[in-house]
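Asker: Structure provided below as C-alpha cells; questions to follow.
The values are calculated or read from the model by the stated rules, or taken from the named source; none is laboratory data. Model, not experiment: these values are computed from the prediction. Glycine also receives a Cβ, built like all others from the backbone with ideal geometry; neighbour counts cover every protein chain displayed. These accessible areas exclude ligands, DNA and RNA; they are computed on the full protein's heavy atoms, side chains included. Shrake-Rupley method; radii C 1.70, N 1.55, O 1.52, S 1.80 Å.
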Amino acid sequence: MSSKTLISLCRGNPSAFSAGRRTLATVRETSTTYIPSSQVPISHQTHQKPITKPKLLTSIILNRAPILTPTPTPFERAYYAYQARLRRALSNPFPYDFYFKQGSILETRFTLEERKRERIAFGREFGIADDLDKEKAAANRAAVEQLAEQEGESEEMMARVHPSDEARDYKSLDRKGKRNLYLLLQENEGIWRFPEGNVKKGELLHQAAQRDLLAECGEYMDTWIVSRNPIGHYRPPRKALSTGKPQPEEVAFLYKAHILAGQARPNPETVKDFAWLTKQEVESRVSEYYWHGVKDVLSDH
Amino acid sequence: MSTSLLTPKRLLVSSTFHSQIRCYARKESGMDPKKETIRRSLYPSNIRNKATPTGTWRPDVEKALQHAIPSVQAHDTIERAWLLYKRHIRKRREAETERKFECMRKAMDELAGIDSHLYMEANKPENPRARSPEEANLLKTMKASEARAFDARVRGLFPRELRVPTDTPSRAGWKYDWKPFYRPL
C-alpha cells in the first residue's frame with residue numbers, strides 16, 4: 001500500500017482530468033496527499049492489521065433536483081431554427097381550408113401569422129399577400145386585433161430567475177432552478193459538511209441514513225433516500241487523542257436522497273447554519289481534503 | 001379519365017399564398033362545401049413522381065430550399081458541427097456517470113471488507129409489493145387521505161412527487177410548509 005502511494009506521487013498528477021479507469025484508480029491514493037501536515041492519517045502508511053472494525057457513519061447527500069430545463073445555447077437555437085426552415089421548405093402545403101372556415105377571423109389571423117413566419121424563415125420575398133388592396137389589409141389587421149382583445153390576455157409565465165437568485169439567499173429552495181442543489185450544514189466550530197450520523201447496532205445503513213437525516217435536519221422535509229446502496233464513502237482524517245492512542249478508524253458511507261417538499265430545520269445543538277448550494281459553491285466552502293473525498297459523487301450540472 | 005382526376009381544384013380564398021392545392025378526389029356537383037373540404041383533405045394528391053413525404057411539395061419548393069440552405073458544403077458542415085457538439089455533451093455525461101459509478105463500486109468494496117452482513121443487506125433487491133408488518137399496522141390506523149399519501153411512496157420505485165423539470169417554474173414556487181408524515185423504513 002505504501003509503495004503504491006510513493007509511485008503515484010512520483011508519477012505526478014496529470015491524469016486528474018482525463019477519463020479512464022486506470023486514472024480513477026489513483027484518485028484514492030492521490031487524495032491522501034492533500035492532508036495538511038497537522039492531521040496525519042495513520043491507517044494508510046503503516047502495515048498494521050486493523051484489530052477492530054472501523055466505526056461506521058452515514059452521511060446524506062440531500063439533493064434538490066433541477067426544477068427548470070436547461071437554457072438552449074446560441075448554437076442550439078441556431079441549429080433548431082435552421083432545421084425548422086428546412087422542414088418548412090420540404091413539408092406539404094398546409095390544408096388551411098380544412099382547419100379554418102373560409103372568411104372567418106381565425107383564418108385571417110392564421111394567414112397573417114403564417115405569412116410572418118414565412119418571411120422570418122426565408123426572407124422578404126416570401127409570405128407576400130397576393131391581390132389584396134390596402135383597405136382590405138388594414139381591415140384584416142383591425143379584425144385580428146379586436147379578436148386578441150376579446151380573447152383576453154394569455155396567462156403570464158413566471159420568470160426563470162427567482163428573486164432569491166439575485167438576493168443570494170442560500171437557504172432558498174427556489175434558487176438556481178436549472179442546477180442541482182445540495183444541503184450543507186455548518187457545525188458549531190464553523191466547518192461545513194454534509195449531514196452525518198452514527199449507525200446503531202442492528203440497524204441497516206440506509207435506515208441509519210434516514211434516522212440521521214431526520215435527527216440533524218428536522219422532520220419538516222419530505223425526503224426520499226434513493227436506494228439501499230451507498231453512493232460513495234469518505235474516510236475522515238484520524239487525529240491522535242491526547243492519551244497518545246490512535247482514535248478508531250471511521251468510515252462514512254454517503255447516501256443519496258432527494259428533497260421533494262419542505263425545508264430543513266437543523267438541530268441547533270449540533271448545527272449552526274445550513275445552505276442549499278451548487279457543486280461549485282460546495283467546493284468553495286468545504287475543506288480541501290473533504291472535497292476530494294466527496295466531489296465525484298455530486299452532479300456537475 | 002386520368003385528366004379529370006388530376007385537374008387541380010382552384011381555391012377561392014384571396015388572402016392566402018398557397019393558391020393551388022391539387023387533390024385526388026373528383027369534384028362532384030351539388031356537394032355541401034364542408035363535405036367537399038373533408039373529401040379533399042382525405043384524398044390528397046396522387047402525383048408520386050417526386051420524393052416527398054406524402055406526395056405534394058409546396059409550389060415554390062426550389063426557391064424556398066435555396067433560401068433555406070446556404071450551400072451543400074455549408075449544410076454538411078452544420079451537420080458535422082451539430083454531431084460533434086452532441087458528442088461533447090455525451091462524453092461529458094458519460095465521464096460523470098463513470099466517476100459516480102466508480103465511487104459506488106469502491107464504497108461497496110469497502111463495505112464488503114468491513115461488514116459482510118451489512119453488505120448483503122445493501123445488495124438485496126427491493127420488492128415494491130412487500131409491506132413490512134409495521135407498515136401494515138400503520139395502514140389500519142390511518143385516514144383515507146394519509147393512506148393515499150402512504151401508498152404513493154412505493155419501496156424501490158421513484159416517488160410520485162419527483163417533478164420533471166419545466167421551462168418556467170410553478171406559480172406557487174417551492175412548497176415550504178410540509179406537514180411531517182411518518183414513514184417507517
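Every residue, every condition in (1) under 21 Å from A:R265 (Cβ atoms); (2) out of contact with any strand residue (DSSP E or B) (no Cβ under 9 Å at 6 or more places or on another chain); (3) touching a residue at least 24 places away in the same chain (Cβ under 8 Å); (4) assigned by TED's automatic domain parsing to the domain that holds B:E126, yes or no:
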site: B:N137; (1), (2), (3), (4): no, yes, no, yes
site: B:M142; (1), (2), (3), (4): no, yes, no, yes
site: B:R155; (1), (2), (3), (4): no, yes, yes, no
site: B:F158; (1), (2), (3), (4): no, no, no, no
site: B:E161; (1), (2), (3), (4): yes, no, no, no
site: B:D167; (1), (2), (3), (4): no, no, no, no
site: B:P180; (1), (2), (3), (4): yes, no, no, no
site: B:P184; (1), (2), (3), (4): no, yes, yes, no
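Asker: Check whether at least one residue in the stretch A:262-280 is within 20 Å of the chain's Cα centre (by Cα), free of Cβ contacts under 8 Å to residues at least 12 places away in the same chain and more than 30 Å from B:P184 (Cβ to Cβ), and report yes or no. Break it down stepwise before answering.
Answerer: At the first step, the residues of the stretch A:262-280 found to be within 20 Å of the chain's Cα centre (by Cα) are A:262-264, A:274-280.
Pick out the ones that are also free of Cβ contacts under 8 Å to residues at least 12 places away in the same chain and you get A:280.
Within this subset, residues satisfying the condition of being more than 30 Å from B:P184 (Cβ to Cβ) are A:280.
Yes: the stretch A:262-280 contains one or more residues that are within 20 Å of the chain's Cα centre (by Cα), free of Cβ contacts under 8 Å to residues at least 12 places away in the same chain and more than 30 Å from B:P184 (Cβ to Cβ).
Asker: Does the stretch A:100-116 hold any residues that are without any contact (Cβ under 8 Å) to a residue 12 or more places away in the chain and either at the interface with chain B (Cβ under 7 Å from one of its Cβ atoms) or part of a helix (DSSP H, G or I) (or both), and which are they?
Answerer: At the first step, the residues of the stretch A:100-116 found to be without any contact (Cβ under 8 Å) to a residue 12 or more places away in the chain are A:100-104, A:107, A:113, A:116.
Once the filter is applied, which keeps residues that are without any contact (Cβ under 8 Å) to a residue 12 or more places away in the chain and either at the interface with chain B (Cβ under 7 Å from one of its Cβ atoms) or part of a helix (DSSP H, G or I) (or both), the stretch A:100-116 yields A:Q102, A:E107, A:E113, A:K116.
Asker: Out of A:D174, A:D130, I need the residue that is closer than 20 Å to A:H258 by Cβ, of a type in the set (D, E), assigned to a loop (DSSP other than H, G, I, E, B) and within 8 Å of chain B (Cβ to nearest Cβ). Which one?
Answerer: On the way: A:D130 fails: closer than 20 Å to A:H258 by Cβ.
None of the other options fit; the residue is A:D174.
Asker: Restricting attention to the stretch B:130-185, which residues are outside any loop (DSSP other than H, G, I, E, B), more than 24 Å from A:G218 (Cβ to Cβ) and either of a type in the set (D, E, K, R) or at the interface with chain A (Cβ under 7 Å from one of its Cβ atoms) (or both)?
Answerer: Matches in the stretch B:130-185: B:K140, B:R148, B:D151, B:T166.
Asker: Need the failing condition index for A:S227 against (1) more than 9 Å from chain B (Cβ to nearest Cβ); (2) surrounded by fewer than 21 Cβ atoms within 10 Å (Cβ to Cβ); (3) within 25 Å of B:C103 (Cα to Cα), just the number.
Answerer: (1)
Asker: Could you go through the stretch A:232-248 and let me know if any residue there is modelled with pLDDT under 95, open to solvent by less than 40 Å² (accessible area, probe 1.4 Å), assigned to a loop (DSSP other than H, G, I, E, B) and in contact with a Phe, Trp or Tyr (Cβ under 7 Å, 6 or more places away or on another chain).
Answerer: Yes: the stretch A:232-248 contains one or more residues that are modelled with pLDDT under 95, open to solvent by less than 40 Å² (accessible area, probe 1.4 Å), assigned to a loop (DSSP other than H, G, I, E, B) and in contact with a Phe, Trp or Tyr (Cβ under 7 Å, 6 or more places away or on another chain).
Asker: As an exercise: evaluate A:P93 against (1) within 11 Å of chain B (Cβ to nearest Cβ); (2) open to solvent by 50 Å² or more (accessible area, probe 1.4 Å); (3) closer than 30 Å to B:E79 by Cβ and give the number of the one condition it does not meet.
Answerer: Of the numbered conditions (1) within 11 Å of chain B (Cβ to nearest Cβ); (2) open to solvent by 50 Å² or more (accessible area, probe 1.4 Å); (3) closer than 30 Å to B:E79 by Cβ, the odd one out for A:P93 is (2).
Asker: Any residue in the stretch A:195-213 that is facing chain B (nearest Cβ under 9 Å) sitting within a Cβ distance under 6 Å of a residue that is open to solvent by 30 Å² or more (accessible area, probe 1.4 Å) and charged (D, E, K, R)? List the pairs, counting only those 6 or more apart or interchain.
Answerer: Close Cβ pairs (under 6 Å, with a partner that is open to solvent by 30 Å² or more (accessible area, probe 1.4 Å) and charged (D, E, K, R)) amount to A:L204/B:E121; A:H206/A:R228.
Asker: Just one of the numbered conditions (1) in contact with a helix residue (DSSP H, G or I) (Cβ under 7 Å, 6 or more places away or on another chain); (2) open to solvent by 60 Å² or more (accessible area, probe 1.4 Å); (3) at pLDDT 90 or above is not true of A:L86; which one?
Answerer: (2)
Asker: Let me ask you something else. Say we look at the stretch B:60-101 and pick out the residues that are of a type in the set (F, W, Y) and within 25 Å of A:L298 (Cβ to Cβ); which of these is farthest from the other protein chains (Cβ to nearest Cβ)?
Answerer: Just the residues of the stretch B:60-101 that are of a type in the set (F, W, Y), to begin with: B:82, B:85, B:101.
Restricting the remaining residues to those that are within 25 Å of A:L298 (Cβ to Cβ) gives B:85, B:101.
Details: B:Y85: 6, B:F101: 9 Å.
So the residue we want is B:F101.
Asker: Being open to solvent by less than 40 Å² (accessible area, probe 1.4 Å) and touching a strand residue (DSSP E or B) at 6+ places or on another chain (Cβ under 8 Å) is the filter here; which residues of the stretch B:94-117 pass it? Before you say what the answer is, go through the steps one by one.
Answerer: To start, the set of residues in the stretch B:94-117 that are open to solvent by less than 40 Å² (accessible area, probe 1.4 Å) comprises B:95-96, B:102-103, B:107-108, B:110-111, B:114-115.
Those that are open to solvent by less than 40 Å² (accessible area, probe 1.4 Å) and touching a strand residue (DSSP E or B) at 6+ places or on another chain (Cβ under 8 Å): B:C103, B:A107, B:E110, B:L111, B:I114, B:D115.
Asker: Does the stretch A:187-195 include one or more residues that are on the phi < 0 side of the Ramachandran plot and open to solvent by less than 10 Å² (accessible area, probe 1.4 Å)? Break it down stepwise before answering.
Answerer: So in the stretch A:187-195, the residues on the phi < 0 side of the Ramachandran plot come out as A:187-189, A:191-195.
With open to solvent by less than 10 Å² (accessible area, probe 1.4 Å) added as a condition, the list becomes A:194-195.
Yes; the residues of the stretch A:187-195 include at least one that is on the phi < 0 side of the Ramachandran plot and open to solvent by less than 10 Å² (accessible area, probe 1.4 Å).
Asker: Collect the residues in the stretch A:136-171 that are under 30 Å from A:Q263 (Cβ atoms) and open to solvent by less than 90 Å² (accessible area, probe 1.4 Å), keeping them in residue-number order. Steps first, please.
Answerer: The first filter runs over the stretch A:136-171 and keeps only residues under 30 Å from A:Q263 (Cβ atoms), leaving A:155-171.
Within the stretch A:136-171, A:M158, A:A159, A:R160, A:V161, A:H162, A:P163, A:S164, A:D165, A:A167, A:D169, A:Y170, A:K171 meet the criteria.
Asker: List every residue pair whose Cβ atoms lie under 9 Å apart, where the two residues are 6 or more positions apart in sequence or sit on different chains, the first residue falls within the stretch B:82-102 and is more than 17 Å from A:I231 (Cα to Cα), and the second residue, located anywhere, is among the charged types (D, E, K, R).
Answerer: B:W82/A:E76; B:Y85/A:E76; B:R92/A:D300; B:R93/A:D300
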